[in-house]
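*Asks:* Here it is, the structure, as structure tokens.
The values are calculated or read from the model by the stated rules, or taken from the named source; none is laboratory data. None of these values were measured; they are calculated from a predicted model. Ideal geometry is used to build each Cβ from the backbone, glycine not excepted, and the neighbour counts take in all protein chains shown.
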């Protein structure tokens with residue numbers, strides 16, 4: 001009957017309000033963070049609680065932000081709830097922002113937001129070499 005198989009869904013890990021972590025956090029499951037993390041967070045389902053303070057990037061299939069994040073957020077589904085404060089770019093497949101949420105950064109829709117970011121090309125096209133900043137952008141009408 002499969003008694004030796006692990007349960008498909010385990011209980012979420014919880015980082016309490018009295019806990020500060022300096023370093024990266026990696027989980028294959030769910031994590032609820034109510035304390036402070038100074039490092040990157042990687043998981044499947046990550047919830048940043050209202051009193052949480054994250055200084056680093058967050059990467060997960062699904063990210064719910066209720067607290068403070070200073071760093072990029074990468075997730076297939078990202079939700080910024082009303083109490084959230086995010087300063088950093090968000091890479092997502094689906095993004096929801098509730099009224100009252102604070103978000104300062106860029107939002108980028110991506111087919112694979114949790115994948116490794118592609119490094120920017122170092123070589124500029126020859127037609128733009130020496131052009132002033134912003135010269136490659138078409139004027140907004």
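*Asks:* Against the condition under 28 Å from residue 112 (Cβ atoms), at pLDDT 95 or above and more than 12 Å from the chain's Cα centre (by Cα), how does residue 66 come out, does it pass?
*Replies:* Judged against the criteria, residue 66 is a match.
*Asks:* Quick one: residue 86 ticks every box in (1) modelled with pLDDT under 95; (2) surrounded by 11 or more Cβ atoms within 10 Å (Cβ to Cβ) except a single one, so which number is it?
*Replies:* (1) is the only condition that residue 86 fails.
*Asks:* Which of the residues spanning the stretch 15-31 are farther than 19 Å from residue 115 by Cα and crowded, with 18+ Cβ neighbours inside 10 Å?
*Replies:* Within the stretch 15-31, 15, 31 qualify.
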